[in-house]
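Here the structure is laid out as structure tokens; the discussion comes afterwards.
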Amino acid sequence: MYVCNCNGIRERQVRAAIQAGARRPAEIFKACDSKPQCARCVCDMRQLLDEQDESLKYAAE
């Protein structure tokens, strides 16, 4: 599934960037060698970041 249509960034690329240490949408764009254009995808990226944070929180318990 595409997360960012403007740059052609797929969900798996976003998840890979998060796994590599990205903690903000700007860092995801940088990891994907892209720049935000319309920014409609930022909310989806933040949701994926939040999901990762939640899973880490439960893994630490």
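What to note about this one:
- Filter result (exposed (fewer than 12 other Cβ atoms within 10 Å of the Cβ) and polar (S, T, N, Q)) within the range 1-18: Asn5
- Looking only at the range 19-58, and only at residues there that are part of a loop (DSSP other than H, G, I, E, B), within 18 Å of Tyr2 (Cβ to Cβ) and among the aliphatic types (A, V, I, L, M), the one that is least open to solvent (accessible area, probe 1.4 Å): Ala22
The values are calculated or read from the model by the stated rules, or taken from the named source; none is laboratory data. All values derive from a computational prediction rather than experimental measurement. Here Cβ is always computed from backbone atoms with ideal geometry, including for glycine, and neighbour counts include all displayed protein chains. Heavy atoms of the whole protein, side chains included, go into the accessibility calculation; ligands, DNA and RNA do not. Shrake-Rupley method; radii C 1.70, N 1.55, O 1.52, S 1.80 Å.
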